[in-house]
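In what follows, a single structure is set out as structure tokens and then discussed.
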Amino acid sequence: MTKISRQLEAVRERIAAAAGRAGRKPEEITLVAVSKTHPPEAVREAFEAGQAVFGESRAQEFQAKAPLLPAAVRWHFIGHLQKNKIRKVLPLCECAHGLDSVELARDMDRIAAELGLFPRVLLEVNVSGEGTKFGFTPEKLREEIGPLLALPRLHIEGLMTIAPYAEDPQASRPHFHALRRLRDELAAATGVPLPALSMGMSGDYEVAIEEGATLVRVGTAIFGEREKP
Ligand SMILES: *Cc1c(COP(=O)(O)O)cnc(C)c1O
């Protein structure tokens, strides 16, 4: 067993245990293995150990890496997407997690139509009001959810958040709880279920699962520390 496959196995076990504590099934949770800064060989190693879904957050790196890997690798783009990168990134990924403005959503919808795509997307929310620069505020999203859901090409599956960095994973719990409550509120208001909740990273994915995460984005715990940029 390689180091990556061992660490992957440990993360899967922890996901199953956290799901069990919350009375959930492990199959309800998709592990997105975040491979940013790591070479294609690391992705291949995890893929061969049975990991199917990978996350990248930098458009240029993603564009360079994706074609080097098997077509069966399923990519999620988890970063902030700039308008001028949409056309390149959309065809490569099955889901984009960082949709954070109506303007970007409109651009994405138009480009998806030109490319003949119906992309799966998640709306990024800044529930903490600090820490992350990107994301809708909850108030803004309440105002904009109607127009967003009306965009014909975007399949809006749910919400995503990044909790502020903290040593203690329990510090993330209120933010994850708030994201879930916001989702419940928006789903009730619109009649659209918005089933996906992308929340939790290496430091706090178990807490996120206890709070209802359906996608966890885990990098360091699988691939090891990233080099500083
Ligand atoms: C890098 C990154 C992650 C993974 O972080 P780790 O702490 O290494 O697990 C998750 N989500 C986003 C949006 C990221 O950019």
Per-residue ellipticity at 222 nm attributable to helices in the chain (runs of n ≥ 4 DSSP H, -39500 (n - 2.57) apiece, nearest 500 deg cm²/dmol) works out to -12000 deg cm²/dmol
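How much length would be gained if the chain were fully extended between E13 and E28, taking 0.36 nm per residue of separation minus their Cα-Cα distance, in nm to one decimal?
Full extension of this stretch gives 4.0 nm more.
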List the lysines whose Cα lies under 18 Å from the Cα of K3, skipping any in the same chain that are fewer than 8 positions away. K36
Rounded to the nearest 0.05, FRET efficiency between T220 and K140 (Cβ-Cβ, R0 35 Å) equals 0.70
Among K133, K85, K36: highest mean-square fluctuation, GNM of the chain, C-alpha pairs under 10 Å: K133
Förster radius 30 Å - calculated FRET efficiency between T2 and E94 (Cβ-Cβ, nearest 0.05): 0.70
Give the cross-link partners of K140 among the lysines, using a straight C-alpha distance below 24 Å as the criterion and excluding same-chain residues fewer than 8 apart. K83
Extension gain, E48 back to R181 (0.36 nm per residue minus Cα-Cα distance, nm): 44.2 nm
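None of the figures in this text is laboratory data; all of them are computed from the coordinates on show. Keep in mind that what you see is a predicted model, and the values were worked out from it rather than measured. As a convention, Cβ positions derive from the backbone with ideal geometry for all residues, glycine included, and neighbour counts pool all protein chains shown.
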